[in-house]
Amino acid sequence: MLYFRGCVAREKETNISKSTEAILREVGIDFKTISNEICCGSVLMRTGFLEEAKDQMQKNIDNLKGQKVLVSCAGCYKTFKEDYKEILGVELDVIHTSQLFKDLIVENKIIIKKSESIKVTYHDPCHLGRHCYEYESPREVLKFISSLVEMENNRENSRCCGSGGGVKSAFPEIAINIAQERLKDAEKTMASLIITSCPFCKLNLNQAYIANNNNNNNNNNNNNKQNHKYYKSHDLEVLDLSEFLLKQITSQSGGLKNE
């Protein structure tokens, strides 16, 4: 198996790739990564640089063809599964981490007790959900190990996290504002954790959470009573599914079949 980490999990949200690799090692899956891994081409494509995206895809083909490709990123999944086939005529064998984790649990390769006291909600990444119609695998994983409470806007009606399509790079303030609206959805569930299956989503939602609370603290310190766009978030941790699963495994003795 080839684990294609993706740009954000490789460079910014590195705990996602580390958690995924730890799970793969624990269950005995033989895998490799690409030391000089480059972008899948998704960002170039979504921002209109089609020829540059095609060139980027061509550079990846030799490393990907004939491999079972595991990805953490919803954007990578959509790009490898659909866009490489449409643009290059190359059909890749790609699986998302949420799908693999579900299979490992169903096959009893991960043995883990359900913790009803852990209340979580799930954010659907746009590329995994609306684009590729994968809504159930991450939810099945969460239902195996926690108490899942849905937000009002979920599955095909889920709000975007605000990070995709180049918005995070070109309009960072808009990206944070969109993420704040999603955090409000999550807080209404009274869950203590918001789980997602995309490094872009995790990055932006977490930055919005930090911005909310930092700005609130600054305003309190300055005795600033004026209205502002931030609100005080309750304690809501943002995690990728891989991070949450590994956290639950390591918190339970004997959590893995072949440990």
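The values are calculated or read from the model by the stated rules, or taken from the named source; none is laboratory data. This is a predicted model, so every value here is computed, not measured. Cβ: placed from backbone, ideal geometry, glycine included. Neighbour counts: every protein chain shown. Just the protein is used for accessible areas: all its heavy atoms, side chains included, with ligands, DNA and RNA removed. Shrake-Rupley method; radii C 1.70, N 1.55, O 1.52, S 1.80 Å.
Within the range 65-113, the residues that satisfy the criterion of being of a type in the set (Phe, Trp, Tyr) and within 20 Å of residue 7 (Cα to Cα) are 77, 80, 84. Checked against (1) crowded, with 23+ Cβ neighbours inside 10 Å; (2) over 23 Å from residue 182 (Cβ atoms), residue 108 passes all but condition (1). Within the range 126-166, the set of residues being among the acidic types (Asp, Glu) and out of contact with any Gly (no Cβ under 9 Å at 6 or more places or on another chain) comprises 134, 136, 140, 150, 152. Quick one: how many residues across the range 130-168 are closer than 30 Å to residue 113 by Cα, polar (S, T, N, Q) and crowded, with 17+ Cβ neighbours inside 10 Å? Total satisfying the criteria: 4.
If you check residue 179 against the conditions, is it in contact with a Cys (Cβ under 6 Å, 6 or more places away or on another chain), closer than 27 Å to residue 235 by Cα and without any contact (Cβ under 8 Å) to a residue 40 or more places away in the chain? The answer is yes for residue 179. Cβ-Cβ distance below 9 Å, separation of 6 or more or different chains: which pairs start in the range 70-89 with a residue that is farther than 28 Å from residue 243 by Cβ and end on one that is open to solvent by 10 Å² or more (accessible area, probe 1.4 Å) and of a type outside the set (Asp, Glu)? Final answer for the pair search is 85/92; 87/45; 87/50; 87/54; 88/54; 88/58; 88/61. If only residues of the range 95-105 that are out of contact with any strand residue (DSSP E or B) (no Cβ under 8 Å at 6 or more places or on another chain) and without any contact (Cβ under 8 Å) to a residue 60 or more places away in the chain are counted, the one that is least open to solvent (accessible area, probe 1.4 Å) is 105. Whether a residue is without any contact (Cβ under 8 Å) to a residue 40 or more places away in the chain, open to solvent by 50 Å² or more (accessible area, probe 1.4 Å) and over 23 Å from residue 110 (Cα atoms) was assessed, and residue 92 does not pass this test.
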